[in-house]
Amino acid sequence: MGRHATTPRPRGRLRSRHWGVLIGTLAVVGLGATAGLAATGGLPGVRSTSETPAAGGKYVTTVEDGKLTRLEFVPDGSTAAPSATLSPSATATGTPSASASASASASSAAPSATTAASAAPTGKPPAATSAAPSATQSPSRSASSTPAPPATSSPAATTTAPPAVGAGDWLSGVAGTGDTDGRFGTWRGTPVEIVGTWADADEANQRRIYTVTGGSGRFAGPIDVGVGALVRGETWAAAARGANDARWRESLTVMRDARAGKGTTYIRFAHEMNGNWYPWAVNASNRADFITAWKRYRALQREIFPQAKLVFSVNRESVGSGIDWRTTFPGPGQVDVMSVDYYNFAGVSTAAEWRSEIERTDRFGAPIGLEQHRRFAASVGLPLAISEWSGRASEGDDPEFMTQMNAFLRTNGGSGPGQMLYEIVFNIGGYEGNYQLFPTTSQPAAAARYRDVF
């Protein structure tokens, strides 16, 4: 999840759903990514653990002195699994992402083109039924010694191809509870067209992409997956010299194989790199190495999984980087989709506040507001996605935020430069109840409005 520069989250809390596995957890179960894995409370001097069921196994979280310190994925039939010890920085401020440390993945049944067209949400044009989004890739299992989680009997995703994206339309999705089993789509009254997930919590998850091989990745339609980039102790300088190539190559192979015959796989490499909570954070000292390493990853992706789309995904605003995040953009041909994680940290509750907020920039002139992010995407010739978004209950129960978001998408939907390609609402529990809309919520008015317009 992204974070807000002016409202830092307490240390010890899961940062955006991006601590991949956490989000993966929510995504797999209804998180990374299914609900509530993220903010488990704790008292000083107290150590507690909790489990969240997930496709192919479960996620086990450990909280010590009020801080989430360990996250494990335990495959079905196993007692041990790869673990992720979370760094304090991963719990700083930001949007609810879940990647390398706490993130939830979401998957949902893919609607048929005819179903999506007949049940188009209010204000959203009927989806085209002539062609489906590009073929997806699926991460192949890596050849590491750690066995990958076995397949489970979770609800099978529909195999019907989702509708194509055309002018005035976009793919509408979810990450978290009900994403792949159809419950979220049934609740809101329109099919889920894309699912979000994470697989970035630790080296094992980044290598074997568990949420894609055993969870959200089985969704027949498109998925957006945050794959991380580095783990604690690694650097962009070393990655630029090829130190991470073997792991990246393996994970891309795993995704390609797992997603074969399914919808497009949108790979969010090093998501929210303009924040300071992930091991892959980018700042003035490592910006050049980041760009070099990105180009290495791009070359690998084109070689191994060319059907996938590479996504450059930033937090809505930079936190602690000290630079203009636009200077980290790797250049023409290196990116397929721009993306932003956009939560209602500003507490937008009126149309006037929305109009003001979407035009905001930071001290460098870099985008903060959604319209500014859209314009930047247009300037580099790419469509824009919102890989994570939701209201924020602590800022208020704001139905107008949902109305305005839908209106913005209806106005700008499409697959061309500066158009809105897809959006994924963050429906993960935990996080002090701030973001989830279904099946329970702390923002009932906003949730009701979301159902009305999406």
Original post:
Would the stretch 255-271 turn up any residue that is small (Gly, Ala, Ser), assigned to a loop (DSSP other than H, G, I, E, B) and closer than 27 Å to residue 342 by Cα?
Top reply: yes
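Restricting to strands (runs of 3 or more DSSP E) lying wholly in the stretch 134-244: which have 2 or more residues that are modelled with pLDDT of 95 or more, farther than 20 Å from residue 255 by Cβ and touching an Asp or Glu at 6+ places or on another chain (Cβ under 7 Å)? Before you say what the answer is, go through the steps one by one.
Details: elements: 171-176, 194-198, 223-228.
By residue number, no strands (runs of 3 or more DSSP E) qualify.
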**OP:** Take the residues in the stretch 172-223 that are of a type in the set (Phe, Trp, Tyr) and more than 22 Å from residue 450 (Cα to Cα), then tell me which one is surrounded by the fewest Cβ atoms within 10 Å (Cβ to Cβ).
**Re:** 219
**OP:** Would you point out which residue out of 265, 328, 253 is under 17 Å from the mean Cα position of the chain (by Cα), under 26 Å from residue 194 (Cβ atoms) and among the hydroxyl-bearing types (Ser, Thr, Tyr)?
**Re:** 265
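The values are calculated or read from the model by the stated rules, or taken from the named source; none is laboratory data. Everything numeric here is computed off the predicted structure, so don't read it as measured data. No Cβ is skipped: glycine too gets one built from the backbone with ideal geometry, and neighbour counts run over all protein chains shown.
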